[in-house]
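Novice: The structure follows.
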Amino acid sequence: MNRRKDELIQIEVDVLAAVLALQKRGIGECHGFLIGKTLETDGGAGSLVGHGTLYKALARLEERQFLRSRWEGNAPKDRPRGPRRRLYKITGSGQRALSAAIAQGGTVGSFLRPASS
Amino acid sequence: MSAPKGISLGSIVLATVLRMEAWWLLLITASMPMEPRDRYREELRSHLLDHLEDDQVLGRGSLKSALRISLRFVAGVPADIAACARQSRLLLEDRSKGPAKRFVLIVGMTLAAAALCAIAKLSGHPELWFVVVGLRVALLLGRKKWHSVGSGFPRPMDATRHRPRS
């Protein structure tokens, strides 16, 4: 089943809204755990997202160029060794797609709703 | 049976949950091409580490951490299985599959058959052998009937469908 180019499913809307909300809070690039945590805390009840679901949504959004990502550059002080984090950033087309999804009746958690101002 | 002194029940449960998650991750990413597989594995390991660190900062105990991680694990399993099924279907229907893909397919089917045989042996239900044979036949018969679907993985994971441009 093919989707329209700009069509988003609910988890993708939630993820984009979470990344945008974090960006508005001053976190320009965020990793998967932070996005998942934001979905959980700000997305309201019933926003339990499985790891696989979250990362596949992130991968799809990146493939459609709604998100951009890169590996964390230098090892952070809190984790000098161990696996690296992948940092995500919403793109202009991602913001437009999110606005369009919300305008078409897509729902996002109350705290995730991007400020209209 | 009680846990030895110095090791809490919570830490044992947490270690078990983490091991389970690690094995699941290895299993569901086994058939992916190397680049997306390594990325996916590293991201999920990093995610789990962040999860543990966050729980520690918030003062959550090991048992609570284990419960939270396993809840997400269970929530994600259906999506993981669906994605793996799509990926396997892509492997099966790809007419230009090479020896590596065929190898992954054969290993996957062998593992599934071995698991069923082990279950049959342990549960004392030898009739499960027929399920193994039936599965194999169904796979072979259904091979040509399956239609193309998107995998849900980013493009590199769909590399099995990629044909070089001439």
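Here, each number is a calculation from the coordinates, and none is a lab measurement. For clarity, every value in this text was computed on a predicted model and none was experimentally measured. Every residue, glycine as well, gets a Cβ built from its backbone with ideal geometry; the counts of neighbours run over all protein chains shown.
Novice: Count the net charge of all other residues whose Cβ sits under 15 Å from the Cβ of residue B:60, scoring Lys and Arg as +1 and Asp and Glu as -1.
Specialist: Residues near residue B:60 contribute -1 overall.
Novice: Dipole of the range B:12-57, Cα-centred, from +1 at each Lys and Arg C-beta and -1 at each Asp and Glu C-beta, to the nearest 20 debye?
Specialist: That gives a dipole near 280 debye.
Novice: Over the Cα atoms of the range B:1-86, each weighted equally, I'd like the Debye log10 I(q)/I(0) at q = 0.21, 0.22 Å⁻¹, rounded to two decimals.
Specialist: Each listed q maps to, in turn, -1.03, -1.09.
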